[in-house]
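Visitor: Pasting a structure here, questions to come.
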Amino acid sequence: MRVTYCFSQLYVPSMPPSVAFANLIRLFNQTGTLLLLFPTLWSLFLASQGWPSLKLLLIFIMGSFLMRSAGVIMNDLADLSFDREVQRTQHRPLASGQLTPLHALAFLAVLLGLAAGLLWFLNPLTLLLSPVALLLAGVYPFCKRFIHIPQLILGLAFGWGGVMAWAATRNELEVSTWSLFGATVCWAVVYDTIYAIQDKEDDIRIGVKSSAILFGSFIWLGVGLAGLFMLGFLALVARINHLGIEYSLTLMGVAGILGYQVFLLRSDISREQAFSLFKQHTWIGVLILGGILMGLP
């Protein structure tokens with residue numbers, strides 16, 4: 001989309017409201033939904049010791065889409081003034097003026113209402129855990145103002161879906177639940193630090209915090225350590241659940257991808273390269289899910 005400037009104000013050509021609302025929830029880019037969904041699927045399949053019920057599978061797939069969509073709206077509302085100053089985000093519907101905050105709030109209410117409706121098909125323990133998911137989703141957009149590693153809070157938010165999935169399947173929380181949760185938190189630090197490289201210069205200029213800024217020239221080390229802890233948590237999952245060699249082989253594949261990315265991060269990479277590395281993490285989610293399915297006793 002061509003963007004023109006006049007007196008530092010961003011203008012974009014008009015687009016149909018349906019397209020603007022689709023862009024608001026990143027409908028045509030579902031990488032974020034997949035990164036939220038995969039830890040949930042890990043928990044569902046592992047807690048079920050195989051295929052979960054179709055009911056739970058559909059609920060958590062729909063829930064992941066709805067909550068990720070709601071999360072990006074909350075993020076855009078919180079970052080409205082920042083997005084207008086960042087090259088990558090100036091075209092977003094709120095930042096560009098295609099939609100108003102009132103439009104976004106109304107759409108957000110619909111999404112959260114639909115997500116809440118799904119909870120009534122789950123057990124009481126999962127229902128009890130659900131407010132934490134909403135709290136984390138609402139707090140995360142503001143963390144970049146105060147916390148040098150807001151990616152950690154993103155990991156907590158994304159990992160909580162897995163906690164709820166385990167509770168919905170077994171009606172209890174176990175060591176494996178928290179091991180998967182820990183792995184998800186570390187994973188989010190890895191991929192979202194890489195994602196934040198795209199905005200590093202703009203973030204420094206406007207005073208936004210991120211792990212990409214905090215790690216500086218040692219970003220490879222920060223990502224590498226987070227990846228190492230992620231693999232450690234996933235290895236603990238294998239030990240507790242007696243997963244077979246197939247799972248171990250997939251973890252070796254994950255380690256290979258992470259090692260390659262850490263190697264690239266030892267040098268400066270472009271925004272395009274950072275986004276490409278970020279998108280590779282969907283395949284890490286696939287590998288781990290496949291390893292769980294093949295490695296179950």
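The values are calculated or read from the model by the stated rules, or taken from the named source; none is laboratory data. Quantities reported herein were computed from a predicted structural model and do not represent experimental measurements. Every residue, glycine among them, receives a Cβ derived from its backbone with ideal geometry; neighbour counts consider all protein chains shown.
Visitor: Can you name the residue in region 192-206 that is free of Cβ contacts under 8 Å to residues at least 60 places away in the same chain and over 18 Å from the mean Cα position of the chain (by Cα) and is also farthest from residue 147 (Cα to Cα) among such residues?
Guide: 201
Visitor: Considering only region 269-297, state which residues are over 21 Å from residue 234 (Cβ atoms) and among the β-branched types (Val, Ile, Thr).
Guide: Correct list: 269 only.
Visitor: Quick one: which of 178, 160 is over 12 Å from the mean Cα position of the chain (by Cα), without any contact (Cβ under 8 Å) to a residue 40 or more places away in the chain and under 30 Å from residue 58 (Cα atoms)? Don't jump to the end; show me each part of the working.
Guide: Numbers: 160 fails: over 12 Å from the mean Cα position of the chain (by Cα).
Going through 178, 160 in turn, the sole match is 178.
Visitor: What about residue 185, is it touching a Ser or Thr at 6+ places or on another chain (Cβ under 9 Å), without any contact (Cβ under 8 Å) to a residue 60 or more places away in the chain and not small (Gly, Ala, Ser)? Steps first, please.
Guide: Values: touching a Ser or Thr at 6+ places or on another chain (Cβ under 9 Å): no; without any contact (Cβ under 8 Å) to a residue 60 or more places away in the chain: yes; not small (Gly, Ala, Ser): yes.
No, not satisfied.
Visitor: Go through region 137-148 and give me each residue that's surrounded by 20 or more Cβ atoms within 10 Å (Cβ to Cβ) and in contact with a Gly (Cβ under 9 Å, 6 or more places away or on another chain).
Guide: 137, 140, 141
Visitor: Checking the structure you have, find out if any residue of region 262-271 is surrounded by 15 or more Cβ atoms within 10 Å (Cβ to Cβ), among the basic types (Lys, Arg) and either under 24 Å from residue 182 (Cα atoms) or at pLDDT 95 or above (or both).
Guide: No, every residue in region 262-271 fails to be surrounded by 15 or more Cβ atoms within 10 Å (Cβ to Cβ), among the basic types (Lys, Arg) and either under 24 Å from residue 182 (Cα atoms) or at pLDDT 95 or above (or both).
Visitor: Next question. Report yes if residue 226 is in contact with a Lys or Arg (Cβ under 6 Å, 6 or more places away or on another chain), of a type in the set (Gly, Ala, Ser) and farther than 20 Å from residue 69 by Cβ, otherwise no.
Guide: For residue 226, the condition - in contact with a Lys or Arg (Cβ under 6 Å, 6 or more places away or on another chain), of a type in the set (Gly, Ala, Ser) and farther than 20 Å from residue 69 by Cβ - is not met.
Visitor: Report yes if residue 87 is under 30 Å from residue 180 (Cα atoms), more than 17 Å from the chain's Cα centre (by Cα) and at pLDDT below 95, otherwise no. Show your work before the answer.
Guide: On the way: under 30 Å from residue 180 (Cα atoms): no; more than 17 Å from the chain's Cα centre (by Cα): yes; at pLDDT below 95: yes.
In short, no.
Visitor: Picking from 95, 133, 116, which residue would you name as being surrounded by 19 or more Cβ atoms within 10 Å (Cβ to Cβ), among the hydrophobic types (A, V, I, L, M, F, W, C) and farther than 22 Å from residue 208 by Cβ? It would help to see each step written out before you state the result.
Guide: On the way: 95 fails: farther than 22 Å from residue 208 by Cβ; 116 fails: surrounded by 19 or more Cβ atoms within 10 Å (Cβ to Cβ).
Unique residue meeting the criteria: 133.
Visitor: Across region 28-61, which residue is surrounded by the most Cβ atoms within 10 Å (Cβ to Cβ) among those that are under 18 Å from residue 117 (Cβ atoms) and touching a residue at least 60 places away in the same chain (Cβ under 8 Å)?
Guide: 40
Visitor: Counting only residues that are among the small types (Gly, Ala, Ser) and touching a Ser or Thr at 6+ places or on another chain (Cβ under 8 Å), which one in region 215-234 is surrounded by the fewest Cβ atoms within 10 Å (Cβ to Cβ)? It would help to see each step written out before you state the result.
Guide: Filtering region 215-234 for residues among the small types (Gly, Ala, Ser) gives 216-217, 222, 224, 226-227, 232.
When the remaining residues are screened for being touching a Ser or Thr at 6+ places or on another chain (Cβ under 8 Å), the result is 222, 226.
On the way: 222: 21, 226: 26.
Going through the qualifying residues, I end up with 222.
Visitor: Somewhere in region 188-198, is a residue assigned to a helix (DSSP H, G or I), under 22 Å from residue 49 (Cα atoms) and of a type in the set (A, V, I, L, M)? So that I can check it myself, show each step before the final result.
Guide: Step one: filter region 188-198 for residues assigned to a helix (DSSP H, G or I), giving 188-198.
Going one step further and asking which of them are under 22 Å from residue 49 (Cα atoms), we end up with none.
No: zero hits.
Visitor: Which one is farthest from residue 252 (Cα to Cα) among residues in region 200-225 that are aliphatic (A, V, I, L, M) and touching a Phe, Trp or Tyr at 6+ places or on another chain (Cβ under 8 Å)?
Guide: Quick first cut of region 200-225, residues aliphatic (A, V, I, L, M) only: 204, 206, 208, 212-214, 219, 221, 223, 225.
When the remaining residues are screened for being touching a Phe, Trp or Tyr at 6+ places or on another chain (Cβ under 8 Å), the result is 206, 208, 221, 223.
Numbers: 206: 40, 208: 35, 221: 19, 223: 17 Å.
That would be 206.
Visitor: Mind checking which residues of region 90-104 are more than 20 Å from residue 206 (Cα to Cα), assigned to a loop (DSSP other than H, G, I, E, B) and modelled with pLDDT of 90 or more? Full working, then the answer.
Guide: Applying the first criterion (more than 20 Å from residue 206 (Cα to Cα)) to region 90-104 yields 93, 97-104.
Of the ones still in play, those that are also assigned to a loop (DSSP other than H, G, I, E, B) are 93, 97-100.
Across region 90-104, the qualifying residues are 93, 98, 99, 100.
Visitor: Need the failing condition index for residue 249 against (1) part of a helix (DSSP H, G or I); (2) touching a Leu at 6+ places or on another chain (Cβ under 8 Å); (3) closer than 21 Å to residue 39 by Cα, just the number.
Guide: (2)
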